[in-house]
1. For segment 47-150, what is the charge dipole size about the Cα centre, in debye to the nearest 20, if Lys and Arg each add +1 at the Cβ and Asp and Glu each add -1 at the Cβ?
2. Quick check: pseudo-label points 7 Å beyond the Cα along Cα→Cβ at Gln23 and Ala37, how many nm apart are they?
3. How high is the relative contact order of the chain, in percent, counting Cα pairs under 8 Å that sit 6 or more residues apart?
4. Quote the FRET efficiency, to the nearest 0.05, computed for Glu50 versus Asp134 with a Förster distance R0 of 22 Å and r equal to the Cβ-Cβ distance.
5. Expressed in nm², what is the orientationally averaged projection area of the convex hull enclosing the Cα positions of the chain?
6. Does segment 59-133 classify as rounded, prolate or oblate by the C-alpha gyration tensor (a ≥ b ≥ c root eigenvalues; a/c under 1.5 gives rounded; else a/b over b/c gives prolate, otherwise oblate)?
7. Counting DSSP beta bridges with both partners in segment 24-152, what percentage is antiparallel, nearest 5?
8. Ranked by accessible surface with a 1.4 Å probe, highest first, in what order do Asp70, Asp76, Asp86 come?
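The values are calculated or read from the model by the stated rules, or taken from the named source; none is laboratory data. Everything quoted here is computed from the prediction, not taken from an experiment. We place every Cβ from the backbone using ideal geometry, glycine too, and count neighbours over all the protein chains shown. Keep in mind that these areas ignore ligands, DNA and RNA; they rest on the heavy atoms of the full protein, side chains included. Shrake-Rupley method; radii C 1.70, N 1.55, O 1.52, S 1.80 Å.
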Amino acid sequence: MIIKNITPNGTVSLEKIKQFEKQADVEFPEDYVEFLANSNGGEPKLGTFEYKLKDGRVWTGGVRIFFGIDVDDWEDIKHYHALYEDRIPKQMLPIANDDGGNLIILALGEQDKGKVYFWDHDEESEDDEPPTNDNIYFVENSFTEFLNNLKE
């Protein structure tokens, strides 16, 4: 995969990626592993995407930063995994954020593995309630599609 329009954080070894997968009890899709290995997250030059609300209206979101492994805390996937572990549904992992505190998440469950979603923090469950999918909106069928469809 050629990573276009991303200012990368460098590279990360496959060993470090596998260590995090084991620690988080997840398995990344191949395209996301390749992205991490080649750029280890980074800042997109084109970061705008669209997603549909439950009522069918189309909204626009934006990526501020893609998270990497063993980078600054506020850009590190381990940090966000720990921070949001009880706030987003299981088998979903934060992979990027926007300027408003929302997340771009990657589904890692059997049924929707590799799909990309937008997580709206303004609509998340109350502190004493388990996370739901009510504030999660479908974006793309794969991480590659997500990257390829980012716009200005």
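1. Dipole about the Cα centre, nearest 20: 560 debye.
2. The two pseudo-label positions are separated by 2.0 nm.
3. 21 percent
4. Here the calculated transfer efficiency is 0.65.
5. 8.5 nm²
6. Since a/c stays below 1.5, the shape of segment 59-133 is classed as rounded.
7. In segment 24-152, approximately 95 percent of DSSP beta bridges are antiparallel ones.
8. My answer, sorted largest first, is Asp86, Asp70, Asp76.
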